[in-house]
Structures are given as C-alpha cells and as structure tokens.
Amino acid sequence: MPESKDAKAKVINQSGTLKMSDRMAATREVRDISGRRMNRNRRDRVRANDAPKEFDETTIHIYRVSRTVAGGRRMRFKALVAVGNHKNKIGVAVAKGNDVTAAVQKATTKAKKNMITFNMDGETICHEVETKVTGANVLMKPAAPGTGIIAGGVVRSIIGLTGVKNLISKSLGSTNKVNIAYAVLEGLREQTPRKEWTTTALKASEPKTVKTETKKVTKPATPKAEKAVEKKVEKAEAKKVSAKAEKTVTKKTVVKKTATKAAPKKPATTAKKAAAKKEK
C-alpha cells in the first residue's frame, strides 16, 4: 500500500531533525531495545489513577501493639478501617502489619471481602435497634429529615460512609473502638424494611371484613304467641300499679313522721304551776 503524506517524516533543517504530523505521532509506537512496547505518555497513568473509586475507606484508629519474644519486644501496628460506598454497603475490619501502611492495606482488603448490605428507609434507618458486642452496647434510632448524624466518633465515621443522613445514636457500654464498630455493623445488619415487620404482615394477611346490612324478617304471629304477649303486657301493667301504690304509702308515712316531729312538746313546768295555784 502506498504511504500517505502525513505518515512520512519531513526533514526541516540541515542537522536532520524530523517533523511528524499529529496523526502520525498519535499512532506511532515506541519500543525499547528488547522490542517491548513503551508507554510514552505518563499522563495516561495519572488519569487512570484519578478515576472515581467504587468504595471509600477511612482509618478509624491505629494501635501500637507489641509482642514479647526471647530477644525482647517486637513492635507492630494494628489498624481499624471502615469501607463503604455511600449507599447501603459497609464493611469493617482489623489487621496488623509491621508498619502503618501495611496494616491499613490489609484491613481495607479484609473489609472489602466482608462487606454487608443493609436496608434503609429514605435517608435514615428503618427502626430503632440496640446491639451488644462483648462489652460495647450501641443504641441507634431513626431521625426526621434535617436532623443530621448525632453520634460519637466511631459511629459517625462508619455512618458517614453509608447513605444514612439522619440518625440518633448513643454508646451505652464499653468505649473499646473495635467493639463499638462491630456493634454498629451488627445493628445495620439487623435492619428490616417496614413491609417485613410482624405487625404489617399480620394486617396484610387478615381478610378484610365487609359489613352487610341484615334485615329482620317478622314472622306472622300465632294465637299462642298473641296470648303470651297479652299476659306479658298485663303483668307489666300490674307491676306499674303496685309500684305506684307503694310510692303513695311511703309518702304518707313520711308525712306523718315529719308532722309528729314538728309538733312542739308542752313543757312539764306549766302543769306544776297550775296545780300550785289551785292549792292556794
């Protein structure tokens, strides 16, 4: 095939310097002595590293630990790391290493392997939960929109990697950061959506009762039934008459008693005085 004009390099000065078009420079491959392809543009590496990450990690705490051996103490580092995708995936892990970077890298890989997915209700958790891991006891409650994350250091750093924006929490037990982190993870794992609650499930399973109006049907009265009704009416009238008579009797007795009580008694001294006058 005949080469294009752009593919040919042109000599522009006496020293032999070559000038290529932009199209040829872009398609040209540079190889080393052994024939392997070389990456001329290092900017491509930087752009590849700057791609958005799927998961974001935070180092909650770094501990300095030691182990006693025959020669003395061997110092190492322990890292507590949380990994999340700012939605509903979260992972927590602890790892040790000879230096800080090695410990953090081990912990991040371990946390990515042991990630969990939990249920959310909008921008908060589904329901109140209290979880206990060894000595740590963490209480978490859902909050109204605009409340924010009201939590301590460990809980705040873990919840910040999730999609939860409104939460109220309180640490009620130990202050060990590792145990608190695992307690928060367990509380998020226990979240169940509103559809799966026992109360809503029972309400959904109950059949809906439709109220139907029942009309009473009156049967034609037989002669026996008519006689029985007449007897009942007579008895009721007799009871009313007897009750009225009893009321009138009780009223008369009450009036008599009040009259006798109201009549003044004559004093005994008047009779004695009259007898004394007759004797005189």
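Laboratory data are not the source of any read-out in this text; all were calculated from the coordinates shown. None of the values given here were measured: they were computed from a predicted structure. Note that each Cβ is placed from the backbone with ideal geometry, even for glycine, and that neighbours are counted across all protein chains shown.
Brief remarks follow.
- Each Cα pair under 8 Å and six or more residues apart adds its separation to the average, and for the range 122-175 the resulting relative contact order is 44 percent.
- Scoring 76-83, 116-123 by mean Cβ neighbours within 10 Å over their residues and listing the highest first yields 76-83, 116-123.
- Working ranking of peptides 135-148, 155-168 by packing, defined as the average number of other Cβ atoms within 10 Å per residue, highest first, is 155-168, 135-148.
- Out-of-range pairs (alpha-carbon distance over 31 Å; input LYS96/LYS141; LYS106/LYS195; LYS53/LYS195; LYS224/LYS247; LYS106/LYS165): LYS96/LYS141; LYS106/LYS195; LYS53/LYS195; LYS224/LYS247
- Once backbone amide H atoms are built at 1.01 Å from N, ILE60 has LEU80, VAL81, ALA82 as its partners under 5 Å, excluding neighbours fewer than 5 places away on the same chain.
- Packing-based ranking of 181-188, 88-95, 240-247 yields 181-188, 88-95, 240-247, ordered from highest to lowest mean Cβ neighbour count within 10 Å.
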